[in-house]
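For reference, the structure is listed below as structure tokens.
The values are calculated or read from the model by the stated rules, or taken from the named source; none is laboratory data. Worth saying up front: this structure is predicted, and the values here are computed from it rather than measured. Using ideal geometry, Cβ is built from the backbone for each residue, glycine included, and neighbour counts are taken over all protein chains shown.
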Amino acid sequence: MSLTKFENRRWSSAPPKSEIAFRHRAALSFADRGPVIDLGCGNGIFLQLLKEKNIAVEGVDISDEAVAACRRDGLTVVKYDLEEGKLPYEDNKFAFAVILDNLEHLFNPSELLVEAKRVAEGIIISVPNFSSLPARLQMFCGRVPENNTPNKGHRYWFNYYILSDMVNGLNLKIEDIKMNTIWEDKFIIGKLMKFLCRVWPNLFALSFVVKLKNEKNT
């Protein structure tokens, strides 16, 4: 199945825009100005959140279903394959390029980061942690971890160290990072899990949302 068909199937049965995830809330706290380009915007959840903050935003997605859903809501979105190479935007056009849970769907995510660096002053990304404690426990029990199953469409497996090495190699500086973890909303144990997440992110984080500074602008 092609990536376009896979994404069309995924977004044709996507949950409504009201289902805001951790990555959306964390990225929203980082995006304090516009204009913003959302690379792999899906059905426009994050676009709508930025619009409500009066931040100029537009999106890009490979899925016809996702693009149509965005346009029905009056959002500015173009169809484009993020693995095509050069993005159809001029240098330094945006304050932020946002890539939420999309890098892991690409064969070579660093190429998209290079392009994001070209078109934006800063970059906000989110990726799941493929080395998380739940994933390790699932493997220990002889199961394929949830993030590694074919229906997820993941091609590149991230953890904290892989992500750090990739962005450092592209001369991108981590300005801020937010992580979520298991049981973080539970009384007492939630504080412990958040502490362990800060100390051992590669084990206890479920995902990472990172604000990157483009070193070319320093």
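Among residues of the stretch 99-117 that are of a type in the set (K, R), those with a beta-carbon under 6 Å from a residue that is surrounded by fewer than 23 Cβ atoms within 10 Å (Cβ to Cβ) and not in a helix (DSSP H, G or I) at least six positions away or on a different chain give the pairs K117/N214. Those helices (runs of 4 or more DSSP H) of the stretch 22-97 in which at least 2 residues are free of Cβ contacts under 8 Å to residues at least 12 places away in the same chain, considering only elements entirely within it, cover 64-72.
Within the stretch 8-17, identify whether any single residue is closer than 30 Å to K213 by Cβ and either of a type in the set (A, V, I, L, M, F, W, C) or at pLDDT 95 or above (or both), and answer yes or no.
no
Filter the stretch 130-141 for residues that are assigned to a helix (DSSP H, G or I) and not aromatic (F, W, Y); which is nearest to N8 (Cα to Cα)? It comes out as A135.
When the residues of the stretch 77-136 are filtered to those that are under 21 Å from E65 (Cβ atoms), surrounded by 18 or more Cβ atoms within 10 Å (Cβ to Cβ) and β-branched (V, I, T), the one that is farthest from the chain's Cα centre (by Cα) is V77.
Annotation note: of V144, V114, V127, the sole residue that is β-branched (V, I, T) and assigned to a loop (DSSP other than H, G, I, E, B) is V144. Residues in the stretch 14-67 that are buried (at least 22 other Cβ atoms within 10 Å of the Cβ) and among the acidic types (D, E): D38, D61. Pairs linking a residue in the stretch 162-175 that is free of Cβ contacts under 8 Å to residues at least 12 places away in the same chain to a residue that is crowded, with 16+ Cβ neighbours inside 10 Å and assigned to a loop (DSSP other than H, G, I, E, B), with Cβ atoms under 9 Å and 6 or more positions apart or on different chains, are I162/F130; I162/S131; I162/Y156. Of the residues making up the stretch 123-146, none is modelled with pLDDT under 90, touching a His at 6+ places or on another chain (Cβ under 7 Å) and farther than 27 Å from E215 by Cβ.
Of all the residues in the stretch 171-193, those that are surrounded by fewer than 16 Cβ atoms within 10 Å (Cβ to Cβ) and either closer than 19 Å to L103 by Cα or touching a strand residue (DSSP E or B) at 6+ places or on another chain (Cβ under 9 Å) (or both) number 6.
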